[in-house]
Every structure is written in structure tokens, then in C-alpha cells.
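*Asks:* Pasting in a structure now, in C-alpha cells, and then I'll have a few things to ask.
The values are calculated or read from the model by the stated rules, or taken from the named source; none is laboratory data. Quantities reported herein were computed from a predicted structural model and do not represent experimental measurements. Every residue, glycine among them, receives a Cβ derived from its backbone with ideal geometry; neighbour counts consider all protein chains shown. With ligands, DNA and RNA removed, areas are computed over all heavy atoms of the protein, side chains included. Shrake-Rupley method; radii C 1.70, N 1.55, O 1.52, S 1.80 Å.
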Amino acid sequence: MARAMYEYTKTILKKVSFSSDLFCKELEKSLKRLLPHEIEELAIWLREYTHNRPELYSCLAIIKK
């Protein structure tokens, strides 16, 4: 079940990546739902996913808190 939430989170983040505001809001919500080790995995995925999307760089600060 927990792994499904991680995959669901990635799907949602991909779908809202057109808007940095929505992306940040969904990222904040996902941090409340995911387990600590999943948050670490998400951080790695985010660095790769946002590599060519500079408009989303500001959202990475949320995960570093």
C-alpha cells in the first residue's frame, strides 16, 4: 500500500508540473502522506525530474525542510 502512494505521488507531480505553484502544493501534501524512506526516494526522483525544468527548482526547497 505504501509503495502505491509513492507511485501515485510521482504520477500527480508529473501531471501538475506545468504549474510550479500546483507542483509545490502537491509536493507539500505528499510529504505528509509518505513514509520517511519514501521521502528520501522522492528527493532523489525530484532532483532527476527537475534537472531540465528550472521553473520547478524553487519547489525543491520544500523537501529540504
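*Asks:* How high is the FRET efficiency from Arg3 to Lys64, r the C-beta distance, R0 25 Å, rounded to 0.05?
*Replies:* Step by step, r from the Cβ atoms, then E = 0.60.
*Asks:* Sticking with the crude label model, points 7 Å out along Cα→Cβ, report the distance from Lys25 to Arg53 in nm, one decimal please.
*Replies:* The modelled label-to-label distance comes out at 1.6 nm.
*Asks:* How many nm is it between the label spots at Thr11 and Ile39, if each spot is 7 Å from the Cα in line with the beta carbon?
*Replies:* 2.4
*Asks:* Here is a further query. Can you work out the accessible area per residue across the chain, with the rest of the protein chains kept in place, probe 1.4 Å, in square angstrom?
*Replies:* 67
*Asks:* Once you have the alpha carbon radius of gyration of the chain, what is it after dividing by 2.2 N^0.38 Å, with N set to its residue count?
*Replies:* 0.99
*Asks:* Cα centroids of the stretch 1-30 and the stretch 49-65: how far apart, whole angstrom?
*Replies:* 13
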